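The structure appears below as structure tokens.
The values are calculated or read from the model by the stated rules, or taken from the named source; none is laboratory data. As the structure is a computational prediction, the values presented were derived from the model and not from experiment. We place every Cβ from the backbone using ideal geometry, glycine too, and count neighbours over all the protein chains shown. Side chains included, ligands, DNA and RNA excluded: accessible areas come from the protein's heavy atoms. Shrake-Rupley method; radii C 1.70, N 1.55, O 1.52, S 1.80 Å.
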Amino acid sequence: MLKRISAVVIAAAMGAATLVASPAAHATSVAKPIIKDISISPSPVVVTSSTEVSATFSFGTEFADPSKVTASLQAPGGATTPLTLTASDNSTKWSGGAKFGRQSAEGDWKLQITAASGNESTSESRGFKVVQVWETDIRGFGASPEPIAAGQYLTVQGALVANSTTGWKGLPGQGVWITFKEQGSSSYKRIAWDRTDHRGGFSDRIKVFKSGWWRAEFEGVSNQFHPSTSDSDQVDVRHKPRPPAPKPDLDSRIIKFNASPEPVKYGKYVYLRGVLQVKDGWSWDGYDAKVSVWFKTKHGSWKYVKTTWSNGSGKFYTKTKATKSGYWKVVFGGDRDVDPSSSARDWVRVKR
């Protein structure tokens with residue numbers, strides 16, 4: 001009987017020990033690390049010159065082993081660079097820095113973070129962009145012949161080039177303004193416009209009547225290319241009576257009118273261009289005058305938008321933001337010598 005009681009006591013003692021040990025074993029479990037408050041500044045990273053841009057990467061952690069917190073930067077294409085981290089606030093806040101320059105690949109980058117504790121591990125990533133804005137230059141600009149007789153055509157030409165990872169190259173498909181500052185004036189006015197060819201070249205012929213300075217101007221492209229201005233070229237116009245004004249009631253017309261692109265995204269620019277001409281005898285000649293831009297929706301009425309000027313060749317070019325699908329047209333109101341005219345209308349769909 002004594003042996004049986006002893007066995008019961010021993011079994012009860014072992015059960016109590018098991019109950020006591022159980023919470024202790026549960027306490028050794030490790031919480032899964034948390035990565036939070038990820039920040040990248042600036043974002044996007046915009047490189048505008050040979051001067052490097054510093055970017056800061058920061059984040060917070062919980063339940064992480066400080067010795068097992070790492071971060072890296074992944075470039076477009078997959079190349080990865082470790083990020084040196086600095087800890088603060090009892091190793092729950094982390095930050096690191098990196099510099100981006102002309103050697104940094106343009107496009108989508110990624111910040112990758114890993115935090116571990118025991119056998120538990122957590123990973124997070126955030127994307128950001130690196131944008132390269134390149135310098136531009138207008139080279140070889142000139143206006144000829146010089147001097148020139150009043151009423152004759154002046155040829156202006158040059159080349160737009162842009163810097164790149166492989167050096168300076170012609171920049172195709174970009175609009176370049178031809179501007180003129182009359183002798184005695186302090187400011188340049190836009191006279192003509194041309195789009196660069198596949199080598200960055202541009203040119204135009206302009207009928208001139210006044211002496212002054214000519215130059216070319218490139219407005220730049222946001223987050224792609226810096227603006228630039230050419231050297232100026234002075235042209236003397238020989239004094240000669242201006243050709244007689246057109247006879248009253250000459251016919252006018254607007255040709256080659258085009259509104260583009262089509263479709264256009266909401267809030268982006270729609271570009272309007274064409275040529276205003278006056279019939280003098282048997283020929284149609286370019287006419288410099290004020291023209292107005294009009295717009296109407298499919299079932300609406302025509303509304304005035306803005307005013308622009310054609311140059312000595314009759315060419316006009318302007319732009320305005322598009323918010324609705326509809327028709328565009330350009331109207332010449334006429335003057336005391338020339339009858340009014342209107343372009344054909346051109347439909348442009350606005351895509352949201």
Here's a check for you: in the range 106-127, which residue that is of a type in the set (G, A, S) and touching a strand residue (DSSP E or B) at 6+ places or on another chain (Cβ under 9 Å) is least open to solvent (accessible area, probe 1.4 Å)? A115
Do you know which of the residues in the range 83-100 that are under 11 Å from V45 (Cα atoms) and not basic (K, R) is surrounded by the most Cβ atoms within 10 Å (Cβ to Cβ)? F100
Please work out if A192 is open to solvent by less than 20 Å² (accessible area, probe 1.4 Å) and more than 25 Å from K319 (Cβ to Cβ). no
State whether the residues of the range 325-347 include one that is within 25 Å of W177 (Cα to Cα), under 26 Å from the mean Cα position of the chain (by Cα) and open to solvent by 70 Å² or more (accessible area, probe 1.4 Å). no
Restricting attention to strands (runs of 3 or more DSSP E) lying wholly within the range 1-83, give those where 1 or more residues are touching a strand residue (DSSP E or B) at 6+ places or on another chain (Cβ under 7 Å), farther than 30 Å from T136 by Cβ and at pLDDT 95 or above. 34-41, 53-62, 69-74, 80-82
So, in the range 283-324, how many residues would count as being charged (D, E, K, R) and open to solvent by less than 20 Å² (accessible area, probe 1.4 Å)? 0
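So that you can scan it fast, the table gives a plain yes or no per residue for (1) under 17 Å from K351 (Cβ atoms); (2) in contact with a strand residue (DSSP E or B) (Cβ under 9 Å, 6 or more places away or on another chain):
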| site | (1), (2) |
| --- | --- |
| F257 | no, yes |
| G274 | no, yes |
| G281 | no, no |
| K296 | no, yes |
| G312 | no, yes |
| K315 | no, yes |
| A322 | yes, yes |
| Y327 | yes, yes |
Restricted to the range 150-187 and to residues being free of Cβ contacts under 8 Å to residues at least 12 places away in the same chain and of a type in the set (S, T, N, Q), the residue farthest from S313 (Cα to Cα) is T166
Taking the condition open to solvent by 60 Å² or more (accessible area, probe 1.4 Å) and closer than 25 Å to P44 by Cβ, does Q103 pass? yes
Hey, can you tell me all the residues within the range 164-186 that are of a type outside the set (K, R), over 24 Å from G286 (Cβ atoms) and either open to solvent by 40 Å² or more (accessible area, probe 1.4 Å) or touching a Lys or Arg at 6+ places or on another chain (Cβ under 6 Å) (or both)? T165, T166, W168, G170, P172, G184, S186
So, in the range 198-216, of the ones that are of a type outside the set (S, T, N, Q) and open to solvent by 40 Å² or more (accessible area, probe 1.4 Å), which residue ends up farthest from T48 (Cα to Cα)? F209
(1) closer than 17 Å to F225 by Cα; (2) more than 20 Å from the chain's Cα centre (by Cα); (3) not in a strand (DSSP E or B) all hold for A105 apart from (2)
Suppose we filter S310, S341 for residues that are in contact with a Ser or Thr (Cβ under 7 Å, 6 or more places away or on another chain), of a type in the set (S, T, Y) and under 24 Å from Y153 (Cβ atoms); which single one remains? S341
